[in-house]
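Where a number appears in this text, it was derived from the coordinates with a stated rule and is not lab data. Here the structure is a predicted model, which is why all the values come from computation and not from measurement. Using ideal geometry, Cβ is built from the backbone for each residue, glycine included, and neighbour counts are taken over all protein chains shown.
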Amino acid sequence: MTGSGSAPRLFRDIDGPALCPQGSVVCIGAFDGLHLGHQALIRAAAEAAKNRGLPLAVLSFEPLPREFFARGEKPPRLVLPRGKVEGLVGLGADVIGLLRFNAAMTAMAPEMFIQRVLIQRLAAREVWVGRDFRFGHKRAGDPELLREVGASAGFSTHGIEDVMLEGERVSSSCIRQALVDGELDMAARLLGRPYAIAGRVVRGAQLGRQLGYPTANLRFGGKRPALSGIYATRVHGVGDAPWPSVSSLGTRPTVNGREPLLEAHLFDFEGDLYGRRIEVEFVAKLREELKFDDLETMVEQIHRDADDARRVLGAAAVASLQQSSS
């Protein structure tokens, strides 16, 4: 670790000046969601960096490889790029590479990736990856190749045992499935925290305000969220405590919407949140997104959703108090 307290350095390109001329410890992965398994791997790398007195460099990709190769509808994302960067900073990254995943990278031999990124840009002394990590043209690179090349290039390759929960390996795909199934408690256990989506509030069509339910809106920049429907939520970044709310996440079929939009209605809140960065924590799924015949029918359902969300959040608050006092 640098220990300087300076802001981590972010880079996007494979080529460029040396970022860690004195050497670094590098951790590589897609890290979608930054779940318990990701956290364990990055913390192990961070500890190694601290012991060596070197900066921790974390490499990921944007778009994610699975997004780049997808045909048709994009696969769902657990965390947006900025949220990932913020999470990596919290885990101790000194240098963060969100490498542009494009046709040139898919055509690159794995040995070339090692030479240009790990050796030239980062002067890697240790490389930490998951056991199923693959990279380079036709996914020909793997941990064994890293060990072979590193033996002569001056870096060692390391990993950790799989992180297990209830007999299952913790993985991003398990979390995505839990979210699809509405199992938010399971997703939270796999993540080590409640599932949440962060972003900057943007202006919408103001329809919610006209209907008596003003919302704080978050867009996804072409990414596909990992869940949809109507939820009891808490909004962080507005007051001293998380603000109770009801949220809709989907394409708004009743008003012929197309792109995914997260709309959070904060109960009994007055004020303008436009431009504010907030985080919406998902507590419980209330129902699927529906298409209504008219706005009047939709508003009637919104009333019921708001009542349901208040009830769920009240029960959750009571349960939390009982847990903390026991």
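Details
- Under the Karplus curve 6.51 cos²θ - 1.76 cosθ + 1.60, θ = phi - 60°, whole-Hz ³J(HN,Hα) for region 217-229, x wherever Gly or Pro sits: 10, 10, 9, 10, x, x, 7, 9, x, 8, 8, 8, x
- Fully extending the segment from V255 to Q115, taken as 0.36 nm per residue of separation minus the present Cα-Cα distance, adds 45.2 nm.
- As a ratio to 2.2 N^0.38 Å, the alpha-carbon radius of gyration for region 9-160 is 0.97.
- Among Q120, Q22, Q177: highest mean-square fluctuation, GNM of the chain, C-alpha pairs under 10 Å: Q22
- Loop-resident sites, region 1-91, for trypsin sites (Lys or Arg not before Pro), counting at most 12 other Cβ within 10 Å (DSSP): R12, R71
- Normalised Debye scattering of the chain at q = 0.10, 0.16 Å⁻¹ gives log10 I(q)/I(0) of -0.65, -1.31, counting only Cα atoms as equal scatterers and leaving out solvent.
- D (Stokes-Einstein, µm²/s), Kirkwood Cα radius, region 194-325, 0.890 mPa s at 25 °C: 163
- Cβ-based exposure ranking for Y274, Y195, in which fewest neighbours within 10 Å come first: Y274, Y195
- Rounded to the nearest 500, the 222 nm mean residue ellipticity of the chain from helices alone is -9500 deg cm²/dmol, with -39,500 (n - 2.57) taken per DSSP H run of at least 4 residues.
- Structure remark: mean-square fluctuation, Gaussian network model of the chain, C-alpha springs under 10 Å; the largest value among P63, P244, P21 belongs to P21.
- Sorting E168, E161 by the number of Cβ atoms found within 10 Å of their own Cβ, with the fewest placed first, yields E161, E168.
- Applying both filters, DSSP loop and at most 10 other Cβ atoms within 10 Å, to the GluC sites (Glu not before Pro) of region 1-106 gives E73.
- Separation of alpha-carbon centers, region 217-287 and region 100-152, rounded to whole Å: 38
- Value of Rg/Rh across region 107-225 [Cα atoms, Kirkwood radius]: 1.16
- 32 Å Cα-Cα threshold exceeded, pairs from K74/K138; K138/K291; K50/K285: K138/K291; K50/K285
- Cα-based helix-to-principal-axis angle, 295-325 vs the chain, degrees rounded to 10: 60
- For region 40-48, 3J(HN,Hα) per residue [Karplus equation, 6.51 cos²θ - 1.76 cosθ + 1.60, θ = phi - 60°, Hz, x = Gly/Pro]: 5, 5, 5, 5, 5, 5, 5, 5, 5
- In this Cβ point-charge picture (+1 for Lys and Arg, -1 for Asp and Glu), region 9-160 has a dipole of about 180 debye about its Cα centre.
- Relative frequency of Cα-Cα separations exceeding 14 Å in region 157-216, percent: 67
- Exposure proxy order (Cβ contacts within 10 Å, fewest to most) of H38, H265, H158: H158, H265, H38
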